[in-house]
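Working notes, beginning with the structure itself.
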Amino acid sequence: MLEVYTWEPNANSGKPLFCLKEKQVPFVFHYIDMGKREHFSPAFLAVNRDGTIPAVVHDGFVMTESTPIMEYIDDAFEGPALRPADPFWRWRMRQVMRYMDNQVAPSLAMLASNRLAAPQFQGADPAELKRELDKIPLPERRAAWEKLMFNKTPPADLAESARRVREAIRHFDALLAETPWLAGPDFSLADINVIATFYGLPTSQPEQVNAQATPHLWGWLRRCHARPGIQQAFRLGKGYIGQRAAEARGLLGVEEAAA
Amino acid sequence: MIALYHGGPSGHSASLLIALAEKGLAYEDHRLDLAAFAQHAPDFLAVNPAGQVPVLREDGRTLTETFFTLLYLDERYPDPPLGGADPQARYTVQKWGKYVETHIAPNLAIVDWALRGQTPDDTARAGFERLPSERRALWEQAVTGFPAEDVQTARAALAKAADRIAEDLAGTGWLAGDAWSLADIIVFPHAARFASLGVAVPAAMADWLERAGQRPAVRQALGGQDLAVAAATMGPERGRWG
């Protein structure tokens with residue numbers, strides 16, 4: 001049995017959902033409401049003691065690292081290959097994913113959570129917030145949530161994150177000028193990793209990402225959003241993520257695929 | 001022909017040297033003196049602008065990032081196989097590759113630097129100026145000194161890493177599946193430094209270090225050098241948003 005414990009089709013949470021839908025692998029979806037911080041609940045900590053999502057359990061084998069999980073899904077299940085056959089392009093695929101995981105996605109997460117999630121903590125009882133923080137097992141995650149809850153992210157960090165996102169947009173546009181997909185001629189895990197975080201850029205960063213400024217990235221966004229597997233994964237969302245993806249499709253002029 | 005730019009048998013360079021020896025692959029040897037910051041000299045920055053070793057070149061292509069280069073070698077030269085015998089072992093190899101990068105290497109660099117109390121000379125400082133902004137920021141932080149709290153956090157992270165290494169060794173004596181693999185090869189050179197940095201080494205980990213060190217390919221790659229002796233390097237940036 002294959003079980004996926006995760007939140008929305010968004011960033012790390014979305015990676016297994018997109019991969020499984022692309023390969024058409026059936027699975028049991030356990031929705032973990034990150035907005036209610038269910039990933040720090042005792043029930044979820046019994047699955048993953050680190051309290052990070054996603055967690056994927058295949059016949060009792062527990063996996064908690066999102067990018068290695070993507071490779072596992074392609075490795076262990078039938079369906080269209082999501083990794084290039086050539087070792088060099090595989091190296092490129094992993095480089096793109098590493099750059100995204102280490103540099104770009106955390107920067108976008110910092111910007112987005114300060115804009116969207118931080119306001120809900122304004123005026124909350126500090127003692128209550130402290131109790132919430134104490135439930136978070138990993139010290140590095142606790143430190144990030146503390147900055148968010150108490151509005152302590154240094155402005156210089158936010159500025160650096162914005163710079164990194166701008167740089168990434170330029171970098172990916174340049175890569176896509178050379179090849180149709182991020183790791184060569186074929187769609188791969190690298191594209192899934194990036195679209196999982198970049199899907200909403202046409203609506204959230206319209207001045208930076210548009211058909212004139214970033215034509216190659218724009219074409220790639222259209223090709224990703226047109227894929228039935230990607231659209232099916234977005235339909236698994238229970239919150240606002242599915243709506244944001246639909247808005248992006250509208251702006252990109254992408255047709256809705258059959259359900 | 002493979003060309004390898006490396007800093008000798010320590011840290012990430014040791015992992016690639018070991019893998020090349022395991023597979024019996026010949027290579028053109030470019031050894032850099034990391035103690036003299038040769039990796040920040042203009043001629044090497046032309047090879048890798050990030051100023052980091054090891055770098056592998058083959059067929060006119062330049063490969064960086066040790067763990068991905070290890071996977072590349074294993075996929076291109078599958079004999080003997082080191083990537084894990086089944087999907088679970090291969091996932092575990094990937095998990096350890098990631099863990100070294102996010103939890104072990106950056107924290108090892110901080111603890112090591114704090115113990116050295118080294119003051120870089122003018123040549124070294126000039127080298128930092130040539131680096132991309134993220135790498136330069138890391139070295140500038142090192143020169144200023146990491147806050148005591150950061151050093152403490154880094155130490156705690158290494159202690160936890162030692163426990164997780166021992167935990168994964170408990171089943172078969174190796175980190176991924178039932179044989180020596182890239183998981184062992186990527187973790188080993190870093191883990192071999194824990195004791196000299198004052199990080200407690202559980203018995204299962206000590207036993208594994210001993211067995212790993214006895215492998216013919218490891219002995220060949222190390223050439224008698226002690227893995228605990230290494231030049232100061234800055235690992236990858238520690239996660240900036242948790």
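Bear in mind these aren't lab numbers, they're just calculated from the coordinates by the rules spelled out. Fair warning: this is a prediction, and the values are worked out from it, not measured in the lab. Positions of Cβ are generated from backbone atoms using ideal geometry, with glycine treated the same way; all protein chains shown enter the neighbour counts.
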Open item on the list: Can you work out the Karplus-derived ³J(HN,Hα) for every residue in the range A:25-37? Use 6.51 cos²θ - 1.76 cosθ + 1.60 with θ = phi - 60°, whole Hz, and x for glycine or proline.
Closed with: 9, x, 7, 9, 9, 9, 6, 10, 7, 5, x, 9, 6
TODO: Indicate, rounded to the nearest 5 percent, the antiparallel portion of the DSSP beta bridges found entirely in chain A.
DONE: 65
- [ ] Note down the magnitude of the dipole of chain A about its Cα centre, charges +1 on Lys and Arg C-beta and -1 on Asp and Glu C-beta and zero elsewhere, to the nearest 20 debye.
- [x] 420
- [ ] Among B:Phe67, B:Met234, B:Gly97, pick out the residue whose Cα is farthest towards the positive end of the charge dipole of chain B, where Lys and Arg carry +1 and Asp and Glu carry -1 on C-beta, about the Cα centre.
- [x] B:Met234
- [ ] Using a Förster distance of 41 angstrom, determine the FRET efficiency expected from the C-beta separation of A:Phe61 and A:Tyr240, and round it to 0.05.
- [x] 0.80
Open item on the list: What number do you get for the range B:108-158 when its Cα radius of gyration is normalised by 2.2 N^0.38 Å, N = residues?
Closed with: 1.19
TODO: Pull up all non-local amide H partners of B:Gly7: gap of 5 or more, or a different chain, and H-to-H distance under 5 Å with H placed in the peptide plane.
DONE: B:Ser13, B:Leu32
TODO: Starting with the fewest neighbours, write out B:Val229, B:Val201 ranked by other beta-carbon atoms found within 10 Å of each beta-carbon.
DONE: B:Val229, B:Val201
Task: Sequence-separation-based contact order of chain B, relative, with Cα cut under 8 Å and 6+ spacing, percent - done: 29
Open item on the list: Quick test of the membrane-span-like rule: which DSSP H helices of chain A reach at least 24 Å along their long axis (C-alpha atoms) with mean Kyte hydropathy at least -1.0?
Closed with: A:155-178
Open item on the list: With every atom except the alpha carbons ignored, what do you get for Rg and Dmax of chain B, in angstroms?
Closed with: 17.3, 51
- [ ] Tell me which residues come under 5 Å, amide H to amide H, from A:His30 once H is placed; ignore anything under 5 positions away on its chain.
- [x] A:Val4, A:Tyr5, A:Thr6
- [ ] Would you mind giving the average projected area, over all directions, of the Cα convex hull of the range B:87-214 in nm² with one decimal?
- [x] 8.9
TODO: Among B:Ala126, B:Pro147, B:Gly173, flag the residue with its Cα farthest along the positive direction of the charge dipole of the range B:87-214, charges on Cβ as +1 for Lys/Arg and -1 for Asp/Glu.
DONE: B:Ala126
- [ ] Averaged over every viewing direction, what's the projected area of the C-alpha convex hull for the protein assembly as shown? Give it in nm², one decimal, please.
- [x] 23.0
Task: chain A: mean projected area of Cα convex hull, nm² - done: 13.9
- [ ] Within 10 Å of each residue's Cβ, count the other Cβ atoms and sort B:Lys160, A:Lys130, B:Lys98 from fewest upward.
- [x] A:Lys130, B:Lys160, B:Lys98
TODO: Report, largest value first, the span of the C-alpha coordinates of the range A:96-225 along each principal axis, in whole Å.
DONE: 53, 29, 25
Task: Distance histogram for the range B:37-153 (every C-alpha pair counted, 10 angstrom bins, percent rounded to whole numbers) - done: 12, 32, 32, 19, 5, 0
Open item on the list: Using the Cα centre of the protein assembly as shown as origin and beta-carbon charges of +1 (Lys, Arg) and -1 (Asp, Glu), tell me which of A:Leu251, A:Phe40, A:Met70 is placed farthest towards the positive end of the dipole.
Closed with: A:Leu251
- [ ] With just the Cα atoms of the range A:1-99, tell me how far they stretch along each of the three principal axes, in Å, largest first.
- [x] 43, 29, 21
Open item on the list: Taking the number of other C-beta atoms within 10 Å as the exposure measure, put A:Trp7, A:Trp218 in order starting with the fewest.
Closed with: A:Trp218, A:Trp7
Open item on the list: Over the range A:178-259, what is the relative contact order in percent, taking alpha-carbon pairs closer than 8 angstrom and at least six residues apart?
Closed with: 29
Open item on the list: How far apart, in nanometres, would the label points at B:Gln152 and B:Ala204 be if each is projected 7 angstrom from Cα along the Cα-to-Cβ direction?
Closed with: 3.0
TODO: Quick one: compute the contact order of the range B:138-237, relative version, from alpha carbon pairs under 8 angstrom and 6+ residues apart, as a percent.
DONE: 28
Task: Coordinate range along principal axes, alpha carbons of the range A:77-169, Å, largest first - done: 55, 33, 21
Task: Partners for B:Lys95 among lysines (Cα-Cα distance below 27 Å; same-chain residues under 8 apart left out) - done: A:Lys15, A:Lys21, A:Lys23, A:Lys135, B:Lys23, B:Lys160
Open item on the list: Percent of Cα-Cα pairs more than 13 Å apart in the range A:192-259, please.
Closed with: 60
TODO: With a point put 7 Å past each Cα toward its Cβ, work out how far B:Arg31 is from A:Ala258 in nm, to one decimal.
DONE: 6.5
Task: Phi-based couplings in Hz for the range B:106-111 (Karplus 6.51, -1.76, 1.60; Gly and Pro marked x) - done: x, 6, 4, 4, 5, 5
